[in-house]
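I have placed the structure first, in the form of structure tokens, so that the comments after it can refer back to it.
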Amino acid sequence: MPAIGGSCWRRSGVAALELPFRVRLPDRSTRTDPSQWSNDEAVLAATGWSRSTLTQDDLNALFPPPPPPPEPTPYEAGFDTGLGWRLGWQPDDVALLTGMYVLASRAAELGVDQPVNVVDMAGVAHTMTFAEYEQIMLAYGAARAALSAPPAPEPEPEPTPET
């Protein structure tokens, strides 16, 4: 990676790390192979190229920072449990969480007091009672349904009175 003060070429105030392969001179002739014509001061002067050193502004122009990552979609962000962790909304996540709920619900009906273990989007396991899991799943289901619902139709504009 080039550094401030490093060697560069400049034309019309813009820095370049390499010269173009071909340049056209005012007499309409061309020169190729910059390793040769870059040593000819007359060619450099005629084409507007000059030797220079890099500045921070040059580096910023040559290597702009990458754009920030896009904000995650609601599906990518997942469901915020309100407990400092999130559950996924991808089809596999929904199927697994729903299956776990059905099994935990049946176990509770049979009087089996079994804790429920849920792994969040970060891969961290959380252990809770069935009652706690049921509250999370009720909120999860409502939020997922709201996210999947079609958008509300636009209201009809008010008719303008005829004059």
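The values are calculated or read from the model by the stated rules, or taken from the named source; none is laboratory data. What you are looking at is a predicted structure, and each value in this text was computed from that prediction instead of being measured. Virtual Cβ from ideal backbone geometry, glycine too; neighbours counted across all protein chains shown. Calculation scope for accessible area: heavy atoms of the full protein, side chains included, ligands and nucleic acids excluded. Shrake-Rupley method; radii C 1.70, N 1.55, O 1.52, S 1.80 Å.
Figures for the structure shown
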quantity	calculated
Region 101-124, subset touching a residue at least 24 places away in the same chain (Cβ under 8 Å) and not in a loop (DSSP other than H, G, I, E, B), residue most open to solvent (accessible area, probe 1.4 Å)	TYR101
Filtered residues of region 65-100 (kept if of a type in the set (A, V, I, L, M, F, W, C), under 19 Å from LEU147 (Cβ atoms) and open to solvent by less than 70 Å² (accessible area, probe 1.4 Å))	ALA77, PHE79, TRP85, LEU87, TRP89, VAL94, ALA95, LEU97
Criterion: touching a Pro at 6+ places or on another chain (Cβ under 9 Å) and over 30 Å from MET1 (Cα atoms) - qualifying residue of GLY99, GLY111, GLY78	GLY78
Meets criteria (in contact with a strand residue (DSSP E or B) (Cβ under 8 Å, 6 or more places away or on another chain), under 30 Å from ALA139 (Cα atoms) and of a type outside the set (Lys, Arg)) for ASP93	yes
Tally of residues being under 14 Å from THR81 (Cα atoms) and either of a type in the set (Val, Ile, Thr) or open to solvent by less than 50 Å² (accessible area, probe 1.4 Å) (or both) across region 125-163	10
In region 23-45, residue nearest to PRO2 (Cα to Cα) [restricted to those that are small (Gly, Ala, Ser) and open to solvent by less than 50 Å² (accessible area, probe 1.4 Å)]	SER38
Enumeration of residues in region 81-105 that are modelled with pLDDT under 95 and among the charged types (D, E, K, R)	ASP92, ASP93
Failed item in (1) without any contact (Cβ under 8 Å) to a residue 40 or more places away in the chain; (2) in contact with a Ser or Thr (Cβ under 8 Å, 6 or more places away or on another chain); (3) exposed (fewer than 14 other Cβ atoms within 10 Å of the Cβ), with SER7 passing the rest	(1)
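Here is a yes/no grid of residues against (1) under 42 Å from the mean Cα position of the chain (by Cα); (2) of a type in the set (S, T, N, Q):
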{"residue": "PRO2", "(1), (2)": "yes, no"}
{"residue": "GLY13", "(1), (2)": "yes, no"}
{"residue": "ALA16", "(1), (2)": "yes, no"}
{"residue": "PRO26", "(1), (2)": "no, no"}
{"residue": "ASP33", "(1), (2)": "yes, no"}
{"residue": "SER38", "(1), (2)": "yes, yes"}
{"residue": "GLU41", "(1), (2)": "no, no"}
